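*Asks:* There's a structure below that I have some questions on.
The values are calculated or read from the model by the stated rules, or taken from the named source; none is laboratory data. Source: prediction; values computed, not measured. Counting neighbours? That spans all protein chains shown, and the Cβs are built from the backbone with ideal geometry, glycine included. Areas reflect the complete protein model, heavy atoms only, side chains present, ligands, DNA and RNA absent. Shrake-Rupley method; radii C 1.70, N 1.55, O 1.52, S 1.80 Å.
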2 protein chains.
Amino acid sequence: MRTTQYLLSTTKEKPADAEVISHQLMLRAGMIRKVAAGLYNWLPSGLRVLRKVEQVVREEMSRAGAVEILMPVVQPSDLWEESGRWEDYGPELCRLRDRHNRQFLLGPTHEEVVTALVRNEVASYKQLPLNLFQIQTKFRDEIRPRFGVMRGREFTMKDAYSFHLTDECLAQTYQVMFDAYCRIFERLGLNYRPVIADTGSIGGSTSHEFHVLADSGEDDIAFSDGSDYAANVEMAEAICTEQRAEATEAMSEFDTPDAKTIADLTEQFGIPAAQGIKTLIVKASDDSDHELIALLVRGDHELNEIKAEKLADVAAPLQFASDEEIKAAVGALPGSLGPVKLPMPIVADSAVAIMADFVAGANVDGKHYKGINWERDLPAPQVADLRNVQAGDPSPCGNGKLDIKRGIEVGHIFQLGDKYSKAMNAGVLGETGKHQTMTMGCYGIGVSRIVAAAIEQNHDDRGIIWPDALAPFQVVLIPMNMHKSHRVKEVAEKLYAELTAAGIEVLFDDRKERPGVMFKDMELIGIPHTIVIGERGLDQQVVEYKHRRDGEKHEIAIDQMVAHVQAQLAD
Amino acid sequence: MRTTQYLLSTTKEKPADAEVISHQLMLRAGMIRKVAAGLYNWLPSGLRVLRKVEQVVREEMSRAGAVEILMPVVQPSDLWEESGRWEDYGPELCRLRDRHNRQFLLGPTHEEVVTALVRNEVASYKQLPLNLFQIQTKFRDEIRPRFGVMRGREFTMKDAYSFHLTDECLAQTYQVMFDAYCRIFERLGLNYRPVIADTGSIGGSTSHEFHVLADSGEDDIAFSDGSDYAANVEMAEAICTEQRAEATEAMSEFDTPDAKTIADLTEQFGIPAAQGIKTLIVKASDDSDHELIALLVRGDHELNEIKAEKLADVAAPLQFASDEEIKAAVGALPGSLGPVKLPMPIVADSAVAIMADFVAGANVDGKHYKGINWERDLPAPQVADLRNVQAGDPSPCGNGKLDIKRGIEVGHIFQLGDKYSKAMNAGVLGETGKHQTMTMGCYGIGVSRIVAAAIEQNHDDRGIIWPDALAPFQVVLIPMNMHKSHRVKEVAEKLYAELTAAGIEVLFDDRKERPGVMFKDMELIGIPHTIVIGERGLDQQVVEYKHRRDGEKHEIAIDQMVAHVQAQLAD
């Protein structure tokens, strides 16, 4: 490809509204352009990378026995009514009507469509297991699209769905997909980790996310320093092995007119955060005899909402009580709440249950108690794991301590079970001739998000540094002052023809630009292998080769260049 | 690919609601499944063919200098307000709102998005010409989706858009695209013709459609038998070289109480259709001094609405007057109308203007005149080309006569001019430093429709007969009773491994099915090259090869089979 026939669209300026480095570099390198919030044009260089990701994903999915299909972007509402998601899915689901006023939606995932397909096409257990995948445009009406294609509204996803007679068979395919995902992310040259994950609104039991590690990630991942254990912080169990200490203080009330938070108590009264507790009032579930429930976490800990939501008595999704509701029930406002004589059920995090001589609100505005002790000043509470793990916590696997890093979720696999197949009556005739509901797995990869995640891991202050597997072009040819030197032009054209004939993807920068402009642009775009052709070397029949990563210059004989590049690519 | 790990989904039954052969065969061969009206799942075999079409299109577009991008399916309404199409486009445009109540649409084409992109990215004439293409999902809310993927609502299209400083440059790129389209349809093995076309709602001047010739086509194409001339019947000029004959009869009124149509006049009074005229009353344009206009075509001719619409005094789109409006203006109803003393302007087709002694309604219900002659009984009319050409008409090119065939439109190219660039203010700095509006071309190919069109041209009563370039697999391996014969299994596995290693796409039918079932399925799917492995040949180390098209059996040595298939594919 010649740059003069291409849409290079590089820019020097740092884009104003791009918060993360991948978004900035994708704009500056001419990979994407915004059309509207969360909607992007993929420019030529961006699309070339996107297609490379797609191809690696396609090859590894096929190798793992999945068969490619293509389902429509626009889906009829009736299938979603069968599964129940037409009602359950929030405003992220883009609903629309056709000219006959029939209801449709833009698919955020395709469980319903694929389940209906397999229900019709597969009649016997002999046709199972079956694993179908597609690489297709998805739409999710994110409330706050951001970070470019990292969290766009329209995006490319690989989604696979497997169908089985038994959960054992599902578990086997799940493992095959797990391994395929590892190969995909390895081939793409990404620093990634599979982590234990929540199954969320998709439903089902076992689930893993695949995260690319990067500071700009939106998820916190907990890793053990003593084993392979890794889990989304949402899911990592907080282990409490300590015993409760003896009470040493008497409980006493003190005035705290200006202390509404743990930080205020620390600042105004020198109370360590780990000595205080936070009392959080949430709505009870419809099944509960109560309206409100109090959740207690230690002052230096954070409530884990997913863990809280799983408590039987707590409404899901989690809803915090309003100030008015709290005042009406307790007689005090948030900031002065505590477990002593609190008129509602209490669930304490396990780290709270072992506290002694602790500090909490007195349920009177502007007053706290100190020296509170369980089973003396108030009954022992119901205990649960309610908090996010923190760096330094013991690993739930039993080996090592936890470290916390940021991750970008690029893949997610689920053992769905019969959530969809049961609701949609998708079964087969089993070995004994009886109708049997199928069990399902589903396996997603955020194809467009991977492009951004790869940049987060592969860049420097001059631009992107593509791994060979993802580079929009493998080689860039930079002829210096070609428009003035016939010799330079001749060698450049010869190398362009030879490299292209060898099946190497070459960008030939044939613009009438100063060499400095060309170097800057090509470093920004991140093409890994650079060949510079200048007058100087031509008497010796050599040209300059350098790699984007180290920038080290090597003089290579012109007639050895194809072999040299091939050797570099084979590395 | 092994059939046991595949989703074959063939069916014997002729589908009830499939009107055309391609739709029937795509359902029966397991290529597509309906999700809702005009929305389809592409099953594995269908998708493999779709991707092959995409790849040929992509390669030839790239070879012709177009650069691939990807624009979003969901587009914001504001760009369409700039171009004016938000108002102009009818209910085929699927409009929707996001969670913030902002207006969007599902793209039926992408002129607005690409024009806005180029407006922002291209500043100087030096960056022109530029030709951008994408292969993307489109949505058109067809009032009556039919013929499977031939006229679906969601479909895959290749659309390209070129940008130029001058119309000469546009004309050059238009010719390059014209040639690229010819190469694409040739590589796909299709019997196609480029035809002169109407520019319709896309706008612009010069335009060609590319039609695959098939009886099930929805368009009529007029061909010259004496030249390369071909045009959509909508566009073919009707040539009239004859002179008007002398009047030989006096005009006289006769009673026609039961004759409302030309066919009635022929049946009841023996008047040849070519001696009668049809008087069609349409609305005048807003600019006209009149409300209604009468259009006259010969009794055996059909009005061409596109030609009529282009008359200055006629409203566009064409609107026929209602019976009430006609009765009020003329005093008679349709069925008794004619040009004599008709109180409105008259435009006669050129074939009508040379008629003598002709028959028409008397503008009194139940009465007609015969023996009418121009310039004696009524003034000579305004003359225009108003009718569809017919088989046997002289070709407008001056050589030969016209023949009419049915065609399926699979491509359409336009010289758009400045329709979009002017409305959206898309310009560059020209050579003299002045801002200059760009001129544009656009070039579409119906990728998914091509799959159906290819089947219309390549099938027999047993199923599809794929050209090598489009076949979902190149070779099918049919081992007879493999599950009983170890020797058959061994040879089948060996050939599967060897062919696959040679880069040949093989479907290995490893089902426990009777050979007859396998043969029927594979003929239905249309895989071109078949290898049958049976016990009988193995003593001589031979297996059977046959081609789907002729079915002729050849015994080939097992160790020669890869070379044999390669030779067949190279043919």
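*Asks:* Looking at (1) open to solvent by less than 10 Å² (accessible area, probe 1.4 Å); (2) aromatic (Phe, Trp, Tyr); (3) not in a helix (DSSP H, G or I), which is the one condition that is false for A:Tyr40?
*Replies:* (1)
*Asks:* Separate question: Within the stretch B:139-156, work out how many residues are in contact with a Gly (Cβ under 8 Å, 6 or more places away or on another chain), more than 10 Å from chain A (Cβ to nearest Cβ) and at pLDDT 95 or above.
*Replies:* 0
*Asks:* Can you pull out the residues in the stretch B:48-91 that are at pLDDT 95 or above, over 30 Å from B:Val176 (Cβ atoms) and among the acidic types (Asp, Glu)?
*Replies:* Correct list: B:Asp78, B:Glu81.
*Asks:* Please work out if A:Glu493 is of a type in the set (Asp, Glu) and within 22 Å of A:Val565 (Cα to Cα).
*Replies:* Yes, satisfied.
*Asks:* Turning to a different aspect of this structure: If I filter the stretch B:328-351 for residues that are in contact with a Gly (Cβ under 8 Å, 6 or more places away or on another chain) and part of a strand (DSSP E or B), do I get at least one hit?
*Replies:* Within the stretch B:328-351 (the criterion being in contact with a Gly (Cβ under 8 Å, 6 or more places away or on another chain) and part of a strand (DSSP E or B)), the answer is no, since none of the residues qualifies.
*Asks:* Right, something else. For the stretch B:77-138, which fully contained helices (runs of 4 or more DSSP H) count at least 3 residues that are more than 8 Å from chain A (Cβ to nearest Cβ) and surrounded by fewer than 22 Cβ atoms within 10 Å (Cβ to Cβ)?
*Replies:* The qualifying helices (runs of 4 or more DSSP H) are B:77-83, B:85-88.
*Asks:* Here is a further query. Answer yes if at least one residue in the stretch A:356-366 is open to solvent by 10 Å² or more (accessible area, probe 1.4 Å) and in a strand (DSSP E or B), and no otherwise.
*Replies:* No, that holds for no residue.
*Asks:* Can you name every residue in the stretch B:267-302 that is more than 32 Å from the chain's Cα centre (by Cα), surrounded by fewer than 23 Cβ atoms within 10 Å (Cβ to Cβ) and closer than 20 Å to B:Asn388 by Cβ?
*Replies:* B:Pro272, B:Gln275
*Asks:* Does A:Ala247 meet the test of being buried (at least 16 other Cβ atoms within 10 Å of the Cβ), small (Gly, Ala, Ser) and touching a Pro at 6+ places or on another chain (Cβ under 9 Å)?
*Replies:* Judged against the criteria, A:Ala247 is not a match.
*Asks:* Between residues in the stretch B:239-252 that are hydroxyl-bearing (Ser, Thr, Tyr) and residues that are in a loop (DSSP other than H, G, I, E, B), which pairs lie under 9 Å by C-beta distance while being six or more apart or on different chains?
*Replies:* If the second residue must be in a loop (DSSP other than H, G, I, E, B), the pairs left are B:Thr248/B:Ala356; B:Thr248/B:Asp357; B:Thr248/B:Asn373.
*Asks:* Let me ask something else about it. Does the stretch A:261-280 contain any residue that is modelled with pLDDT of 95 or more, of a type in the set (A, V, I, L, M) and assigned to a strand (DSSP E or B)?
*Replies:* yes
*Asks:* Can you name the number of the only condition in (1) among the β-branched types (Val, Ile, Thr); (2) open to solvent by less than 50 Å² (accessible area, probe 1.4 Å); (3) part of a loop (DSSP other than H, G, I, E, B); (4) farther than 25 Å from A:Met235 by Cα that A:Val389 fails?
*Replies:* So the condition that A:Val389 fails would be (4).
*Asks:* Look at the stretch A:286-315 and say how many of its residues are over 17 Å from A:Ala273 (Cα atoms) and in a loop (DSSP other than H, G, I, E, B).
*Replies:* Total satisfying the criteria: 12.
*Asks:* Moving to a separate point now. For A:Asp460, only one of the following conditions fails: (1) more than 30 Å from A:Val212 (Cβ to Cβ); (2) free of Cβ contacts under 8 Å to residues at least 12 places away in the same chain. What is its number?
*Replies:* (1)
*Asks:* Continuing with this model, one more query. Considering each residue of the stretch A:403-432, count those that are open to solvent by less than 50 Å² (accessible area, probe 1.4 Å) and part of a loop (DSSP other than H, G, I, E, B), and give that number.
*Replies:* The number of residues fulfilling the criteria is 3.
*Asks:* Regarding the stretch B:6-28, can at least one residue be identified that is within 13 Å of chain A (Cβ to nearest Cβ), closer than 22 Å to B:Arg146 by Cα and of a type in the set (A, V, I, L, M, F, W, C)?
*Replies:* There is at least one residue in the stretch B:6-28 that is within 13 Å of chain A (Cβ to nearest Cβ), closer than 22 Å to B:Arg146 by Cα and of a type in the set (A, V, I, L, M, F, W, C).
*Asks:* Inspect all residues belonging to the stretch B:531-549 and state whether any of them is closer than 20 Å to B:Gly503 by Cβ and of a type in the set (D, E, K, R).
*Replies:* Taking every residue of the stretch B:531-549 in turn, none turns out to be closer than 20 Å to B:Gly503 by Cβ and of a type in the set (D, E, K, R).
*Asks:* Answer yes if at least one residue in the stretch B:374-382 is open to solvent by less than 20 Å² (accessible area, probe 1.4 Å), in a strand (DSSP E or B) and closer than 25 Å to B:Leu265 by Cβ, and no otherwise.
*Replies:* yes
*Asks:* Among all residue pairs at least 6 apart or on different chains, which show Cβ distances below 9 Å where the first residue, located in the stretch B:42-66, is closer than 17 Å to A:Gln55 by Cβ and the second is open to solvent by 10 Å² or more (accessible area, probe 1.4 Å) and among the β-branched types (Val, Ile, Thr)?
*Replies:* B:Leu50/B:Val149; B:Leu50/B:Thr156; B:Glu54/B:Ile135; B:Glu54/B:Thr156; B:Arg58/B:Ile135
*Asks:* Now for a separate question. What number of residues within the stretch A:459-472 are surrounded by fewer than 22 Cβ atoms within 10 Å (Cβ to Cβ) and assigned to a loop (DSSP other than H, G, I, E, B)?
*Replies:* 6
*Asks:* Another question, if that's okay. Residues of the stretch B:253-266 being open to solvent by 50 Å² or more (accessible area, probe 1.4 Å) and either farther than 26 Å from B:Ile404 by Cβ or free of Cβ contacts under 8 Å to residues at least 40 places away in the same chain (or both), which ones?
*Replies:* Listed by number, the residues that qualify are B:Glu253, B:Asp255, B:Pro257, B:Asp258, B:Lys260, B:Ala263, B:Thr266.
*Asks:* Which pairs do you get when a residue that is under 26 Å from A:Trp86 (Cα atoms), found in the stretch A:418-432, comes within reach of a residue that is among the charged types (D, E, K, R), reach meaning Cβ atoms under 6 angstrom, with the pair 6+ apart or on two chains?
*Replies:* Short answer, once both residue conditions are applied: A:Tyr420/A:Glu111; A:Met424/A:Glu82; A:Ala426/A:Arg119.
*Asks:* So which residues in the stretch B:492-518 are without any contact (Cβ under 8 Å) to a residue 24 or more places away in the chain, among the hydrophobic types (A, V, I, L, M, F, W, C) and within 13 Å of B:Ile478 (Cβ to Cβ), if there are any at all?
*Replies:* B:Val517 - this is the single residue of the stretch B:492-518 that is without any contact (Cβ under 8 Å) to a residue 24 or more places away in the chain, among the hydrophobic types (A, V, I, L, M, F, W, C) and within 13 Å of B:Ile478 (Cβ to Cβ).
*Asks:* Further question: Can you tell which of A:Glu154, A:Glu142 is open to solvent by 10 Å² or more (accessible area, probe 1.4 Å), touching a Pro at 6+ places or on another chain (Cβ under 7 Å) and in contact (Cβ under 8 Å) with a residue 60 or more places away in the chain?
*Replies:* A:Glu154
*Asks:* Quickly run through the stretch B:43-59 and pick out the residues that are buried (at least 24 other Cβ atoms within 10 Å of the Cβ) and within 7 Å of chain A (Cβ to nearest Cβ).
*Replies:* Passing the criteria: only B:Leu43.
*Asks:* Scan the stretch A:168-176 and give yes if some residue there is more than 18 Å from A:Arg449 (Cβ to Cβ), assigned to a loop (DSSP other than H, G, I, E, B) and of a type outside the set (Phe, Trp, Tyr), otherwise no.
*Replies:* no
*Asks:* A:Leu70 is checked against (1) within 8 Å of chain B (Cβ to nearest Cβ); (2) open to solvent by less than 10 Å² (accessible area, probe 1.4 Å) and fails just one. What number does that condition carry?
*Replies:* Tallying (1) within 8 Å of chain B (Cβ to nearest Cβ); (2) open to solvent by less than 10 Å² (accessible area, probe 1.4 Å), A:Leu70 fails exactly one: (2).
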